[in-house]
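Since every read-out is calculated from the coordinates, none of them should be taken as a lab result. Model, not experiment: these values are computed from the prediction. Neighbour counts run over all protein chains shown; Cβ positions are idealised from the backbone, glycine included.
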Amino acid sequence: MSDYLDQLTVSTLKGVGPKMVEKLNKIGVFSVQDVLFHLPMRYQDRSKITPLAALQMGSEAVIEGEVKGCNVVMGRRRSLVCKLQDHTGTVTLRFFHFTAAQKNNLTAGTRIRCFGEARRGASGIEFYHPEYKLVTDSYQGGDDSLTPVYPSTEGMHQAGWRKLTEQALLLLKKHRLREWLPENCGPIATTTLEQAIQFLHKPPTDANTEALSNGKHPIQQRLAFEELLAHNLSLLKLRNIAQLQPAPKLPANGKLQQQFLDALPFQLTAAQQKVSTEILTDIASSLPMLRLVQGDVGSGKTVVAAMAAMAAVENDYQVAIMAPTEILAEQHLINFTTWFQPLGIKTAWLSGKLKGKKRQQQLDLIASGEAPIVVGTHALFQQEVHFAKLGLAIIDEQHRFGVHQRLALREKGAHLGLYPHQLIMTATPIPRTLAMSAYADLDCSIIDELPPGRTPINTVVMDNSRREQVIERVRQNCIDGRQAYWVCTLIEESEQLQAQAAEDTYEELQKKLKGLGVGLVHGRMKPAEKADIMAQFKRNQLQLLVATTVIEVGVDVPNASLMIIENPERLGLAQLHQLRGRVGRGSVASHCVLMYQPPLSQQSRERLTAMRESNDGFYIAEKDLELRGPGEVLGTRQTGLMQFKMADLTRDQALLEPVKAAADTLIAEYPENLEGIISRWLPDAARYGHA
Ligand code: ADP
Ligand code: MG
């Protein structure tokens, strides 16, 4: 037998046959070490017995008493019903599944100790399916440790996990876990790793339960540190691999850029210039760029991306610009075509909806290199897409592409041993802590300034009983010569339902706002129809635009100064902020009305309050993280990747700087330790860079 528990497979544990091995493997548990690192997410204190009279409804408790009687009752469901009594009162235990042995054990006069949740039942307090054991003369004491509660997994019960860990903990006495953290990396350990693991699975009853239940116990923090480190290293490893593969040097000679800047109706902000320089410096070198550009909505990221694209084109390379949705991609196409066509540079377009001959034409433009600028959606990943010579991939992420896709585009662009540079833009800011962990493989630039002349948006929150008042306000706003948006949202991501809701509202508002030009746009309309309505709105031929969340991106009408968002409680904060960014683009004061459907949950209330209080995308992103957690904030694709067993990005922010430092030290001084740390915390399937 190996000395180390990562070398010992789970099948060495009793009761773990081939079927169980398969189940465990599926959730990434292969070795005894993996069992030990399946850590409890909380604990129950079963050391104290609660007198029956002191039970609180809905709370978990340990009770002990004498069985007064036990019967099989034939109600709607056959059940075993048992009366338990102590010196303070009586409760009922109810079992819907039971064995003959159970029935025979629970005879009158037997003393048992149970654990379960006290609920209000037909006959007073009831416990459904409590865990219980007989109290014999030889066994009387309470549990001598807190009871761990493990994250639930398919096909494995709590009792199952407890049995496995019991055995694994016994093995821990004879075998070892590898300590991968040298002394100069990470928090000062006051216990050995073996002791830490032992403690977390079986904390003594005098442990600091409050710290434990908040995940703030030093021993938990120590493991949280290692876990964050593992995630970090996994991403950095990816980056290191990427950087071994050179990229083309794309020094800008400045000519195209000058023409472009001369044609722009505005000057770049200092922040745009700064970030632009960072990017141009990166891509002038053969070390592949991996850079994330963050900036609040409206900060002007697109222009910065275009500047980088110019450099690639000057060097005879292609640029791919990829967006997560069709509408966002279309908007980029419009911008890039407007900017590049006058310079004699062709753009190609690819989306899932493009079919047949038109599609083939575009594919040809891309493959021949005739179109240096290629704009599209995920469709750019498809096998049939071949780039002639891709030098730069620009990804407008909106938190929806994962690491895997970033890599796929890179692979696609490989040309004569050179890999494209990568520029990632996020449509909304990501809280610093998330950026440091989820994007640890990227360098980060921040556009921390909005173009001049924007006025802050005044946001109000009201319930939809005041709908008529709001409609009146829209009328007044438009009579005063300004324009407005009315945004309809739905819970479902169904374009059809959204479109329907918008159509109904459109009809209602048309009736109520006679004399005003009211338009409608939604995702189910043909691009030409949409474009036509948008153009009319831009020219102020329409004063009110009823829309689904499709206007989240790309609409730019400075005269629009009022936005009504229906049911804002259904949207994430980032999306609301993005939507709201459509107003406040001109010099008049702008307003946003968040018209919710009562009742609001506490969380929704807090979220809408955050919107009212701040116009700062970074602040709002932090709030979103606090209220909804990293999975939601990063969006679905990243969710699986950012699941932690022990760490919590919000709670453990303070660990992130030291984790970063430790990662650098390990890479520089202990490269042989990296794989051990990564594989302990990230089972293969969850590894960044594996699909
Ligand atoms: P985002 O960062 O949200 O993607 P965009 O790139 O779409 O922002 O830019 C938002 C709007 O601001 C666009 O209409 C763009 O033309 C305009 N814009 C960008 N940079 C400047 C600037 N320096 N001065 C004035 N307007 C600008
Ligand atoms: Mg944008």
Report task. Would you kindly state how much longer the chain becomes between residue 73 and residue 497 on full extension, computed as 0.36 nm times their sequence separation minus their alpha carbon distance, in nm to one decimal? Result -> 147.8 nm
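What's the longest bit of the chain with no exposed GluC sites (Glu not before Pro), using DSSP loop states and at most 12 other Cβ atoms within 10 Å as the test? Working shown, then result.
Values: sites that count: 154, 183, 370, 384, 492, 493.
Free of exposed loop sites, the longest segment is 494-691.
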Query raised in the report: Along the Cα-to-C-beta direction of residue 120, a point sits 7 Å from the Cα; which residues of the range 565-609 have their amide N less than 14 Å from that point?
Result: none
Report summary line: The answer for trypsin sites (Lys or Arg not before Pro) in the range 345-424 that fall in a DSSP coil and have at most 16 neighbouring Cβ atoms within 10 Å is 346, 353, 355
Requested in this report: Pairs to check: 216/301; 14/202; 23/412; 353/389. Give those whose C-alpha atoms are more than 30 Å from each other in this structure.
Outcome: 216/301; 23/412
Report summary line: Taking every DSSP bridge whose two residues both lie in the chain, the antiparallel percent to the nearest 5 is 40
Requested in this report: Among 74, 549, 341, pick out the residue whose Cα is farthest towards the positive end of the charge dipole of the chain, where Lys and Arg carry +1 and Asp and Glu carry -1 on C-beta, about the Cα centre.
Outcome: 74
**Report entry** Alpha-carbon radius of gyration plus Dmax, which is the widest Cα pair, for the range 482-631 in Å
**Finding:** 15.3, 47
Report summary line: Here FRET efficiency (C-beta to C-beta, residue 85 to residue 136, R₀ 22 Å, nearest 0.05) is 0.75
Query raised in the report: Using only the Cα atoms, what convex hull volume per residue in Å³ does the chain have?
Result: 207
Report summary line: Given backbone amide H placed at 1.01 Å from N, residues whose amide H is under 5 Å from that of residue 459, ignoring those fewer than 5 places away on the same chain, are 592
Query - Net dipole in debye of the chain [+1 Lys, Arg Cβ; -1 Asp, Glu Cβ; about Cα centre; nearest 20] - result: 1700
Query - Where a label projected 7 Å from the Cα of residue 97 along Cα→Cβ would reach, residues of the range 115-131 with amide N under 17 Å - result: 128-131
Requested in this report: Could you size up the charge dipole of the range 1-105 around its Cα centre, putting +1 on the beta carbon of Lys and Arg and -1 on that of Asp and Glu, and report it in debye to the nearest 20?
Outcome: 720
Query raised in the report: What distance in nm separates the simple spin-label points at residue 386 and residue 211, each placed 7 Å from Cα in the Cβ direction?
Result: 6.3
Report task. Please tell me which of these pairs span more than 30 angstrom C-alpha to C-alpha: 103/163; 249/358; 249/530; 249/538? Result -> 249/358; 249/530; 249/538
Query raised in the report: Which trypsin sites (Lys or Arg not before Pro) from the range 38-70 combine a DSSP loop assignment with at most 10 other Cβ atoms within 10 Å?
Result: 48
Query - residue 370 paired with residue 149, simple spin-label distance in nm, labels 7 Å along Cα-to-beta-carbon - result: 6.5
Query - Two-site label geometry, residue 195 and residue 173: point separation in nm, points 7 Å out along Cα→Cβ - result: 1.8
Report task. Within 10 Å, count the other beta carbons around each residue, average over each peptide in 473-482, 655-664, and list them highest first. Result -> 655-664, 473-482
Report summary line: Taking the chain and a Cβ-Cβ threshold of 4.7 Å, the cysteines left without a partner are 114, 185, 444, 478, 488, 592
